[in-house]
């Protein structure tokens with residue numbers, strides 16, 4: 001439990017992938033690798049036709065990258081490898097032949113916003129504010145930017161990126177298209193997530209698979225693009241500014 005987990009289960013043709021980390025559901029390399037593997041495996045399973053992506057706990061949905069792991073990076077290769085973890089998860093979600101429905105119950109920062117943006121349909125609570133804080137630590141949301149921009153457009157992505165110290169509300173995220181709907185309580189959220197996936201599970205899997213391919217047209221170059229973006233972040237994480245900032249955050 002101290003290192004977190006990724007769990008999957010399937011019921012009534014609906015697969016659920018849940019990730020958890022005690023540090024506000026932050027994502028170290030190990031969890032990113034597990035998420036990528038789980039998405040690929042569930043995507044190929046004949047037992048389900050739709051996927052729910054959620055996180056455990058009752059507070060943050062995802063705090064983004066693991067600050068502890070970022071602070072321990074000492075060379076560009078390791079830096080690129082870490083940020084490639086986010087690239088791999090987003091590309092796995094993009095290529096998954098099943099619709100992925102996001103269930104977001106709390107605040108989300110950085111790379112977690114990329115996960116939200118890579119879902120095919122996303123429902124949230126009013127507590128699910130979002131923030132791209134990467135510039136505050138000397139890097140930028142390079143890897144997740146294509147997914148976020150695809151979902152909410154250049155203007156809103158620029159706003160989140162540059163306004164790096166402030167959360168935007170769940171209503172803002174809904175208005176920009178990051179969320180498809182927002183609910184007052186986790187109970188209402190779960191009720192509507194269940195309703196949505198039940199409906200999707202009744203549809204023809206082949207039709208949904210082809211529709212997903214259509215909806216993601218124009219992203220075929222992302223394997224190369226996100227890899228290049230990971231290299232940029234891998235260099236920036238080694239700068240003096242970033243290392244000092246991460247050390248200060250880690251000591252709090």
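Here are the numbers for this structure:
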read-out	value
Two-decimal Rg to Rh for region 32-158 - Kirkwood Rh, Cα set	0.96
Estimated [θ] at 222 nm from DSSP helical runs (n ≥ 4, -39500 (n - 2.57)) normalised by residues in the chain, nearest 500	-16000 deg cm²/dmol
Antiparallel content of DSSP bridges confined to the chain, in %, to 5	30 percent
Residue order, fewest to most beta carbons within 10 Å, for 68, 120, 190, 204	204, 68, 190, 120
Residue 158 paired with residue 207, simple spin-label distance in nm, labels 7 Å along Cα-to-beta-carbon	4.0 nm
Listed residues 45, 55, 66, most fluctuating in the chain (Gaussian network, C-alpha, under 10 Å)	45
Residue exposure sequence - 196, 211 - by fewest surrounding Cβ within 10 Å	211, 196
Virtual spin-label span in nm between residue 244 and residue 165, 7 Å along Cα→Cβ	1.7 nm
Centroid-to-centroid separation of region 68-97 and region 154-218 [C-alpha atoms, Å]	23 Å
Cα→Cβ-extended label distance, 7 Å offset, between residue 10 and residue 214, nm	2.6 nm
Region 114-164: Rg to Rh, with Rh as the Kirkwood radius over Cα pairs	0.96
The chain, Cα convex hull volume normalised per residue, Å³	114 Å³
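None of the figures in this text is laboratory data; all of them are computed from the coordinates on show. Computed from a predicted model, the values in this text were never measured in an experiment. Every residue, glycine as well, gets a Cβ built from its backbone with ideal geometry; the counts of neighbours run over all protein chains shown.
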